[in-house]
1. So, in segment 74-115, of the ones that are in a helix (DSSP H, G or I) and in contact with a Leu (Cβ under 6 Å, 6 or more places away or on another chain), which residue ends up nearest to Ser173 (Cα to Cα)?
2. Which ones in segment 113-170 are in contact with a helix residue (DSSP H, G or I) (Cβ under 7 Å, 6 or more places away or on another chain), closer than 19 Å to Gln79 by Cβ and modelled with pLDDT under 95?
3. Filter segment 36-48 for residues that are touching a residue at least 60 places away in the same chain (Cβ under 8 Å) and surrounded by 19 or more Cβ atoms within 10 Å (Cβ to Cβ); which is nearest to Gln261 (Cα to Cα)?
4. Which one of these does Ala32 not meet: (1) exposed (fewer than 15 other Cβ atoms within 10 Å of the Cβ); (2) under 30 Å from Gly278 (Cβ atoms)?
5. For segment 231-251, does any single residue satisfy the condition of being within 24 Å of Pro6 (Cβ to Cβ), out of contact with any His (no Cβ under 7 Å at 6 or more places or on another chain) and surrounded by 14 or more Cβ atoms within 10 Å (Cβ to Cβ)?
6. Suppose we filter segment 265-274 for residues that are buried (at least 20 other Cβ atoms within 10 Å of the Cβ) and over 15 Å from Tyr25 (Cα atoms); how many remain?
7. Suppose we filter Val78, Val74, Val62 for residues that are β-branched (Val, Ile, Thr), touching a residue at least 24 places away in the same chain (Cβ under 8 Å) and surrounded by fewer than 22 Cβ atoms within 10 Å (Cβ to Cβ); which single one remains?
8. Filter segment 191-216 down to residues that are in a helix (DSSP H, G or I), surrounded by 19 or more Cβ atoms within 10 Å (Cβ to Cβ) and in contact (Cβ under 8 Å) with a residue 40 or more places away in the chain, then give me how many there are.
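The values are calculated or read from the model by the stated rules, or taken from the named source; none is laboratory data. Just so it is clear, the structure is predicted and the values come from calculations on it, not from any experiment. Heads up, the Cβs are rebuilt from the backbone with ideal geometry, glycines too, and the neighbour counts pull from every protein chain shown.
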Amino acid sequence: MLASLPTLLMNRRTRRAAIGAFTSYDLETATAVLAAAAEARAPAILLVSRDAFAAPGGEQLVAALVATAVAAPVPCCVQLDHVSDLELMERALALGCGALMADGSSLAFEQNRELARSAVELASRHGAHVEAELGHVAGGEDVAEATLSGQLTDPEEAARFASDTGAACLAVSIGNVHGTYARPPRLDWARLEAVRDRVDAPLSLHGASGIPDDDVRRAVSLGVAKVNVNTELREAYLAASEQHLPAARNGSRLLELHARQREAVKAVAATKLATYDGSSR
């Protein structure tokens with residue numbers, strides 16, 4: 001069933017839990033995630049990457065994910081992830097996306113704020129909501145560079161940014177990175193607490209793949225209400241494909257291969273949902 005982003009976030013926040021947001025490149029991933037969510041009786045967010053939406057078939061993917069979310073037995077939302085193009089946002093909203101992640105994190109503060117404001121105004125016309133990002137969540141090997149160049153979220157700026165934009169959720173940079181980690185991450189817990197104390201909006205943690213479960217639980221206890229998952233889902237999907245493809249080739253058993261892919265993704269999603277559940281601490 002469809003639910004709004006603020007409703008999902010507040011549901012988790014009041015439980016001192018976080019919602020899992022899972023990047024879905026196809027229906028195998030989406031149905032596996034929602035099967036895990038149904039068993040856990042937990043809400044979920046289906047993320048669509050900017051590149052997947054912009055690629056051929058992207059609009060059909062979004063339409064299919066929205067239909068899947070409507071039929072889901074748990075509260076669910078479809079969100080277009082990490083996008084700065086207002087035209088792409090408009091297209092996604094017209095197809096039924098309930099949320100956008102307006103990513104101006106590489107821009108100067110004022111430009112980022114204006115992008116988030118524009119996205120919020122656009123989304124509101126469709127009854128949708130916006131997640132924004134302040135501080136830059138780097139990719140893989142860029143974590144040291146991000147830390148040294150002052151790209152971590154500044155608590156005082158975060159308070160002003162959240163108030164000025166009206167974003168429903170704020171993604172923070174506290175030493176987390178997208179993709180895999182070149183070395184064990186060291187999250188800035190004092191920074192996270194300071195942001196939480198100054199920002200009313202729920203916080204989001206990107207780049208959680210590779211962060212130890214205990215650290216993710218600690219982040220949730222300190223105010224993170226949404227955790228994104230991408231890399232680990234893709235790794236599980238591809239590993240299952242590699243393992244079961246030889247057997248599937250015998251008889252061209254494509255449905256059997258899809259079933260193995262779903263099992264692998266569901267197992268990862270189930271583990272993540274358990275980690276984010278406040279009752280598990």
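1. The qualifying residue nearest to Ser173 (Cα to Cα) is Met89.
2. Leu134, the sole residue that qualifies.
3. Here the residue is Ala36.
4. (1) is the only condition that Ala32 fails.
5. The answer is no; no qualifying residue exists.
6. Of the residues in segment 265-274, 3 are buried (at least 20 other Cβ atoms within 10 Å of the Cβ) and over 15 Å from Tyr25 (Cα atoms).
7. Within the list Val78, Val74, Val62, the selection yields Val74.
8. Counting residues in segment 191-216 that are in a helix (DSSP H, G or I), surrounded by 19 or more Cβ atoms within 10 Å (Cβ to Cβ) and in contact (Cβ under 8 Å) with a residue 40 or more places away in the chain gives 2.
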